[in-house]
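Everything on this sheet refers to the single structure shown next.
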Amino acid sequence: MAANSPLTGGPMLAHEGSNTMWHVTTVVAPARGLAAVAASNDHGRGGGATQGLAARLIRPEG
C-alpha cells in the first residue's frame, strides 16, 4: 500500500503479511528517511502487535 500519511509526514509505503506462523509489518517513510520492520512468531496476536510496534517506531517524536 502507498498513501500519504500524517504519521510519516508524506508518503508511506507499507506491507503486511503472514505465513500462518509468523506475522510481519513493514513501513517505509521516504520523506523522513525512515523504515521499520516488526515481526512476531505468534500469528494469532502478531498482527496487532506488529502494527502497533511499526507505528510507534515510525511516529514523529514529540
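The values are calculated or read from the model by the stated rules, or taken from the named source; none is laboratory data. Note that the coordinates shown come from a computational prediction; the quantities given were computed from them, not determined experimentally. Please note that ligands, DNA and RNA were not included when accessible areas were found on the heavy atoms of the full protein model with its side chains. Shrake-Rupley method; radii C 1.70, N 1.55, O 1.52, S 1.80 Å.
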Inset, instruction - Would you mind checking which residues have amide H under 5 Å from residue 35's amide H? H placed 1.01 Å from N; only 5 or more apart, or other chain. - result: 29
Inset, instruction - Using a 10 angstrom cutoff on alpha carbons, build the Gaussian network for the chain and name the most mobile of 31, 39, 14. - result: 31
Inset, instruction - Sort all Cα-Cα distances of the chain into consecutive 10 angstrom bins from zero, then give the percent of pairs in each bin up to the one containing the longest distance. - result: 25, 51, 22, 3
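If you roll a 1.4 Å probe over the heavy atoms of the protein chains, what accessible area per residue do you get for the chain, in Å²? Provide the component values of the computation, followed by the final result.
On the way: 4020 Å² over 62 residues.
The answer is 65 Å² per residue.
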Inset, instruction - Mind listing the long-range amide H neighbours of residue 5? Cut-off is under 5 Å, sequence gap 5 or more, other chains count too, H placed in the peptide plane at 1.01 Å from N. - result: 10, 12
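Tell me what the chain gives for mean residue ellipticity at 222 nm when only DSSP H runs of n ≥ 4 count, each as -39,500 (n - 2.57), the sum divided by the residue total, rounded to 500 deg cm²/dmol.
Numbers: 1 runs with 16 residues, N = 62.
Rounded to the nearest 500, the figure is -8500 deg cm²/dmol.
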Inset, instruction - Kindly write out, for the stretch 27-43 in residue order, the coupling ³J(HN,Hα) from the Karplus curve 6.51 cos²θ - 1.76 cosθ + 1.60 (θ = phi - 60°), rounded to whole Hz, with x marking Gly and Pro. - result: 9, 10, 10, x, 5, 9, x, 10, 8, 9, 10, 10, 10, 9, 9, 10, 4
